[in-house]
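These notes concern the structure reproduced below.
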Amino acid sequence: MIDPIFQSDTYQLARKLLDATSLRQEAIASNVANAETPGYRRLDIAPDFATELRARLANGASPQSLTTLQPHLAEDQHARSVRPDGNSVEIEHELLEMNRNSVDYEYLSDLVSYNIKQLRVAITGNVT
Amino acid sequence: MNLISGIDVSASALNAQKTRLDIVAQNIANAQTTRGPNGQPYQRQTVSFETELVNRTGGTADGGLPLQSVRVASIQGDPTPGQRVYDPQHPDADSTGTVTMPNVNLAYEMVDLITASRAYEANLSVAKNARQMAIKTLQIGK
């Protein structure tokens, strides 16, 4: 009976995106660690995650169907390699991406928090 | 699934860069050492890294690529011959009065030092960021 409260679209979506953001942090860690590895191609979330998510939401998919959709890592095909060793990592780009990612993460975790707080207000009646 | 995402990759890179800094320190310290334990002048050491695929639970089951951590593959001597300097008063001078100096080039070492130190900083800032994210995760619902 309490389930529907946790099935709100924003909550489910924020959870899914938190997974992706956390995975992207791992990818960035790997990219920075391998900034000097010859032939290394930068990793990122596979682009089909975003397109698939958008498509499913546009078709009015239920939150339950989103659980089967998991982000995974793939080589970034768009990263160009200007270095002779074939490495496609640009350290400045990675650090900017990391900052952007952590702002995304804060926003999403605040959103999840907010949902839970609202639920608590509904249960206890205390607004504080 | 790690609470602090990607921390093991960052840790491996920090460790590798630290080894590189140690070797640079050793090279600079021995830039004038004309007689090592084997009686030969000091030979400049270089560090080479290798990547290691990180095994993540459930991470690659969906066809995603694994993360790649870094570790020191080997520390090898640089085979280029050292500079020969004419100095007959030197205790290690040979019969013609020349001394073979170590093949350490301070300019190379300084460049290596800065590169390693910047790479270390970059990895450290990723680790700090991951920590901030973990703290944020623990505050969900508070």
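Show the residue pairs that are 6+ apart or on different chains and have beta-carbon atoms under 7 Å apart, the first residue being within the stretch A:74-91 and farther than 10 Å from A:ARG41 by Cβ, the second being surrounded by 16 or more Cβ atoms within 10 Å (Cβ to Cβ).
As it stands, the answer is A:ARG80/A:SER88; A:ILE91/A:VAL32; A:ILE91/A:ALA35; A:ILE91/B:ALA122, since those pairs meet every condition given.
Contact list please: Cβ distance under 8 Å, first residue in the stretch A:101-117 and open to solvent by less than 80 Å² (accessible area, probe 1.4 Å), second residue among the charged types (D, E, K, R) and in a helix (DSSP H, G or I), pairs at least six apart or on different chains.
A:ASN101/A:ARG24; A:TYR105/B:LYS136; A:SER109/B:LYS136; A:VAL112/A:ARG15
Which of the residues spanning the stretch B:10-27 are more than 26 Å from B:ASP94 (Cβ to Cβ) and in contact with a helix residue (DSSP H, G or I) (Cβ under 6 Å, 6 or more places away or on another chain)?
Answer for the stretch B:10-27, where residues must be more than 26 Å from B:ASP94 (Cβ to Cβ) and in contact with a helix residue (DSSP H, G or I) (Cβ under 6 Å, 6 or more places away or on another chain): B:SER10, B:ALA13, B:LEU14, B:GLN17, B:ARG20, B:LEU21, B:VAL24.
Quick grid of which residues meet (1) of a type in the set (A, V, I, L, M, F, W, C); (2) under 30 Å from B:ALA116 (Cα atoms); (3) touching a Pro at 6+ places or on another chain (Cβ under 7 Å):
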site: A:ALA33; (1), (2), (3): yes, yes, no
site: A:ASN59; (1), (2), (3): no, no, no
site: A:ALA74; (1), (2), (3): yes, yes, no
site: A:GLN77; (1), (2), (3): no, yes, no
site: A:GLU94; (1), (2), (3): no, yes, no
site: A:SER109; (1), (2), (3): no, no, no
site: A:ALA122; (1), (2), (3): yes, no, no
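Applying the selection to the stretch A:13-60, what residues are touching a residue at least 24 places away in the same chain (Cβ under 8 Å), of a type outside the set (A, V, I, L, M, F, W, C), more than 11 Å from chain B (Cβ to nearest Cβ) and open to solvent by 20 Å² or more (accessible area, probe 1.4 Å)?
Listed by number, the list holds a single entry, A:PRO47.
Would you be able to tell me the number of residues in the stretch B:53-94 that are more than 28 Å from B:LEU21 (Cβ to Cβ), modelled with pLDDT of 90 or more and of a type in the set (S, T, N, Q)?
Here the count works out to 1.
When residues of the stretch B:26-55 are filtered for being without any contact (Cβ under 8 Å) to a residue 12 or more places away in the chain and small (Gly, Ala, Ser), how many remain?
Residues meeting the conditions: 3.
Take B:THR98 and tell me if it is of a type in the set (Ser, Thr, Tyr), more than 21 Å from A:ASN34 (Cα to Cα) and in contact (Cβ under 8 Å) with a residue 24 or more places away in the chain.
Considered against the rule, which asks whether it is of a type in the set (Ser, Thr, Tyr), more than 21 Å from A:ASN34 (Cα to Cα) and in contact (Cβ under 8 Å) with a residue 24 or more places away in the chain, B:THR98 comes out as no.
Quick one: which of A:VAL82, A:VAL89 is of a type in the set (Val, Ile, Thr), part of a loop (DSSP other than H, G, I, E, B) and either within 19 Å of the chain's Cα centre (by Cα) or surrounded by 11 or more Cβ atoms within 10 Å (Cβ to Cβ) (or both)?
Only one candidate qualifies: A:VAL89.
Spot the failing condition for B:SER74; the list is (1) surrounded by 15 or more Cβ atoms within 10 Å (Cβ to Cβ); (2) more than 9 Å from chain A (Cβ to nearest Cβ), and only one is missed.
The one condition B:SER74 does not meet is (1).
The values are calculated or read from the model by the stated rules, or taken from the named source; none is laboratory data. For clarity, every value in this text was computed on a predicted model and none was experimentally measured. Please note: Cβ atoms are built from the backbone with ideal geometry, for glycine as well, and neighbour counts cover all protein chains shown. Only protein heavy atoms, including side chains, enter the accessible area calculation; ligands, DNA and RNA are left aside. Shrake-Rupley method; radii C 1.70, N 1.55, O 1.52, S 1.80 Å.
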